Amino acid sequence: MVTASYKPPTTNGGVVHAAVFRPTAFRAQAAQPGQGPGAWYVWKCTTEGVMDGLYRPPVWIADGQQPGAALLPSPAELAQMARKQLRLPSPSIAANPAGDQLVNLPTWMWLSGGWGPVSATASVPGVSVTAVATPTSVSWAMGDGSTVTCTGAGTPYKAGADPKAPSPDCGHVYRRSSASQPGQAYPVTATVHWTVTWSGAGQGGTFPDMTTTGNATFRVAESQALNNGGG
């Protein structure tokens, strides 16, 4: 057995959870020419809450021989393990106006949570690899057939600002009300796109992008004008 660990993200900076790389024999003992008796082994990483889905080729270990560094998981394999421990937060949608949106009035959208880099680390003695997921953009499906792509989390609306001013970086203007929609509201989806990289032991690489999704509903009403003048 070789003790290992991974460090998932937590609010206090990460807690290391012990894991074990366990060489499990899958064939009866046999003799290799010039090496004496031994067995073929396949490495599996096991600990509570971790599922090891990596394939590793079998290795020969002679009886009484300790597994050397060459038999330990490679940095790329550790990177796969670290990636599996990434826990990306779901985006929390916020908007202004805070209640119903109004036709032809700018809607500000932003994420009140679920934006920021996330990392996880996997290690064995002498080798530590960290996977980092970084949010790069948000794709908004506004429910009226429109889509909006923002390169950041969006700017929160500040009380006292001009309600007719558009968001500086992430906004939308509805041109028709949601009265005809189910529940009289538009379904809104925010999809965060994440790039995932890893580094450790003098190596590095990238993984396919990941996404997280948040949902909300926006009621959009027609603005009403009231004429109190006579005549």
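The values are calculated or read from the model by the stated rules, or taken from the named source; none is laboratory data. Just so it is clear, the model here is predicted, and its values are computed rather than measured. Here the Cβ is made from the backbone with ideal geometry for all residues, glycine too, and neighbour counts use every protein chain on show. Just so you know, the surface numbers come from the protein's heavy atoms only, side chains and all, with ligands and any DNA or RNA stripped out. Shrake-Rupley method; radii C 1.70, N 1.55, O 1.52, S 1.80 Å.
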* Provide the per-residue ³J(HN,Hα) series for the stretch 184-193, in order, calculated from phi with Karplus coefficients 6.51, -1.76, 1.60 and θ = phi - 60°, each as a whole number of Hz, with x at glycine and proline positions. => 6, 8, 7, x, 10, 10, 10, 10, 8, 9
* To do: Determine, at each q value in 0.12 (inverse angstroms), the log₁₀ of I(q)/I(0) that the Debye formula gives when each Cα of the stretch 91-231 is one equal point scatterer.
  => -0.59
* Structure fact -> Between residue 206 and residue 165, the two model label points (7 Å from Cα along the beta-carbon direction) sit apart by a distance in nm of 3.7 nm
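Mind giving me the FRET efficiency for residue 215 and residue 59? R0 is 41 Å, r the Cβ-Cβ distance, nearest 0.05 is fine.
0.30
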* To do: May I ask you to derive the FRET efficiency for residue 92 and residue 179 from their Cβ-Cβ distance with R0 = 35 Å, giving the value to the nearest 0.05?
  => 0.85
* To do: Starting from the amide H of residue 186, placed 1.01 Å from N in the peptide plane, find each other amide H under 5 Å away whose residue is 5 or more places distant or on another chain.
  => 218, 219, 220
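Quick one: with all protein chains in place, what share of the accessible area of the stretch 104-192 is carbon or sulfur, to the nearest percent (1.4 Å probe)?
On the way: 2240 of 4150 Å².
The computed percentage sits at 54.
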* Spatially proximal aspartates and glutamates relative to residue 44 (Cα-Cα < 14 Å; intrachain offsets below 8 disregarded) -> 52, 77
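Quick one: length gained pulling residue 155 to residue 137 fully straight, 0.36 nm per residue minus the C-alpha distance? Provide the component values of the computation, followed by the final result.
Details: separation 18, 0.36 × 18 = 6.48 nm, distance 1.35 nm.
Net length gain for the segment: 5.1 nm.
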* For the stretch 123-222, build the charge dipole from Cβ charges (+1 Lys, Arg; -1 Asp, Glu) around the Cα centre, then report which of 148, 174, 187 sits farthest towards its positive end. => 174
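So for the stretch 95-162, what are the equivalent ellipsoid semi-axes in whole Å, largest first, each being the square root of 5 times an eigenvalue of the Cα gyration tensor? Walk me through the intermediate numbers first.
On the way: eigenvalues 280, 39, 14 Å².
So the equivalent ellipsoid measures 37, 14, 8 Å along its semi-axes.
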* Structure fact -> Sorted on mean Cβ neighbours within 10 Å (highest first), peptides 107-115, 83-91, 162-170 come out as 107-115, 83-91, 162-170
